[in-house]
Amino acid sequence: MSKALIVYGTRTGTAAITAKDIVQQLQSQGVETRVVDAKKEKVESIAEYDLIVVGSGIQMDKWTGDADSFLKRFHKELARKKVALFVNCGSAAEAMNPHKPEVAANARRKYLEEKASHYGLKPVALGFFGAIYNFNTMSWIMRKGMEQERPKLAAAYKETEPGVYDTRDIDGIREWARGLLAKI
């Protein structure tokens, strides 16, 4: 039986939700999977895993410190493993914008391709997924900054609950996760 480790960093919970979607797909195909919130738990070893998936939310142009620290700590071992990276990023939704396709392309390159290169990794897959905007729980300063974007979100995405807009392609995330199976 194959074993996978999913490590994620999150500030607002989106990467945690995405990690759980990935775990469900892997487990449904018989992959023994462990999921770790990098802020709450430290991984001691990655030796036993056939696949390591590392993900993060993006805020202020950065990965979470905990997910980045995991990559830094294990980069030599990860370079010899099957690794997949994913990010949850508001810019991913711009991939559907015919007027600004370069926004998503540039963000994907910066947050995934350059991150992998920085740590000498050759990932088997890169997942570039949208974000969840929860106006009920985001900080005051974040909400203030996002207020001008809220009408655009409301026009493009249905509220999953009052004040919450999910820009992720859930079917795309699940398909991406199923595709990982062929790479183990």
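The values are calculated or read from the model by the stated rules, or taken from the named source; none is laboratory data. Because the structure is a prediction, the values reported are computed rather than measured. FYI the Cβ positions are ideal-geometry reconstructions off the backbone, even for glycines, and counts take in every protein chain you see.
The requirement of being assigned to a helix (DSSP H, G or I), among the hydroxyl-bearing types (Ser, Thr, Tyr) and under 12 Å from the mean Cα position of the chain (by Cα) is fulfilled nowhere in segment 66-83; no residue meets it. Among the criteria (1) in contact with an Asp or Glu (Cβ under 8 Å, 6 or more places away or on another chain); (2) assigned to a helix (DSSP H, G or I), the one residue 39 does not fulfil is (2). The residue that is farthest from residue 10 (Cα to Cα), among those in segment 156-184 that are modelled with pLDDT of 90 or more and among the hydrophobic types (A, V, I, L, M, F, W, C), is 180. Inspection of segment 94-107 identifies no residue that is more than 19 Å from residue 38 (Cα to Cα), outside the structural domain of residue 37 (by TED's automatic domain parsing), within 19 Å of the chain's Cα centre (by Cα) and at pLDDT below 95.
Between 117, 91, the distinction of being among the hydroxyl-bearing types (Ser, Thr, Tyr), within 26 Å of residue 54 (Cβ to Cβ) and either loosely packed, with under 14 Cβ neighbours inside 10 Å or not assigned by TED's automatic domain parsing to the domain that holds residue 67 (or both) belongs to 117 only.
With respect to the conditions (1) within 17 Å of residue 86 (Cα to Cα); (2) touching a helix residue (DSSP H, G or I) at 6+ places or on another chain (Cβ under 6 Å), residue 65 lacks only one, and its number is (2). Quick one: is residue 36 at pLDDT 95 or above and either surrounded by fewer than 18 Cβ atoms within 10 Å (Cβ to Cβ) or over 11 Å from the mean Cα position of the chain (by Cα) (or both)? Yes.
Could you tell me whether residue 19 is aliphatic (A, V, I, L, M), closer than 16 Å to residue 127 by Cα and either surrounded by 14 or more Cβ atoms within 10 Å (Cβ to Cβ) or without any contact (Cβ under 8 Å) to a residue 60 or more places away in the chain (or both)? For residue 19, the condition - aliphatic (A, V, I, L, M), closer than 16 Å to residue 127 by Cα and either surrounded by 14 or more Cβ atoms within 10 Å (Cβ to Cβ) or without any contact (Cβ under 8 Å) to a residue 60 or more places away in the chain (or both) - is met.
Within segment 53-76, no residue that is at positive phi sits with its Cβ atom under 9 Å from a residue that is part of a loop (DSSP other than H, G, I, E, B) and of a type in the set (Phe, Trp, Tyr) at 6+ positions apart or across chains.
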